[in-house]
Amino acid sequence: MDRPDGAGAGIRRLLLRLLVLAGIAYGTGVILNRTAERLARNPEPAGFSRGLLQGALMPCTLPTLLVGHDVALYTEGNNGLPYKRGYTLGVTVCGAVFFGLFYRRLSRLRRKS
C-alpha cells in the first residue's frame, strides 16, 4: 500500500529541519571555537559585548556538546561584572526569543485545530 503524499512530504520536511538544525549547531560550534582562539590572542579582557555574544550563542551549542565536541562557552580572561552581565543578558534574550517563537507557533497550531 502506498503512502499518501502528505505523509512522505511531512517526513522529508522533518528530515530537512533536522539537517538544517544540525548544520546551524555545527556552524555555531565552529564560530565559537574560532572566536575563542582569536580572542585568546587579544590581551584585553573580555567585556560586556563579548559576554553578550557568547551568552547569546551558548544555547545553540547543546547539539555540538551532545556529540562530544568541546566548545568554548565562557571566556576566563574577562573583566568581571560587565562580562557576566553581558553573558547573562545574552542567554536571557536568546531564551526569550526561542521560547517566544516556540509558544507563538504553538498557539497558531492550537488555533488551527
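The values are calculated or read from the model by the stated rules, or taken from the named source; none is laboratory data. Just so you know, these numbers come straight off a predicted model, no measurement behind them. Cβ coordinates were reconstructed from backbone atoms using ideal geometry, including for glycine residues, and neighbour counts include every protein chain displayed.
Picking from residues in segment 63-98 that are modelled with pLDDT under 85 and loosely packed, with under 13 Cβ neighbours inside 10 Å, the one that is farthest from Thr35 (Cα to Cα) is Phe98.
Would you be able to say whether some residue in segment 47-56 is of a type in the set (D, E, K, R), touching a helix residue (DSSP H, G or I) at 6+ places or on another chain (Cβ under 8 Å) and at pLDDT 80 or above? Don't jump to the end; show me each part of the working.
The first filter runs over segment 47-56 and keeps only residues of a type in the set (D, E, K, R), leaving 50.
Applying the additional criterion that residues be touching a helix residue (DSSP H, G or I) at 6+ places or on another chain (Cβ under 8 Å) yields 50.
Next cut, at pLDDT 80 or above only: 50.
Within segment 47-56 (the criterion being of a type in the set (D, E, K, R), touching a helix residue (DSSP H, G or I) at 6+ places or on another chain (Cβ under 8 Å) and at pLDDT 80 or above), the answer is yes, since at least one residue qualifies.
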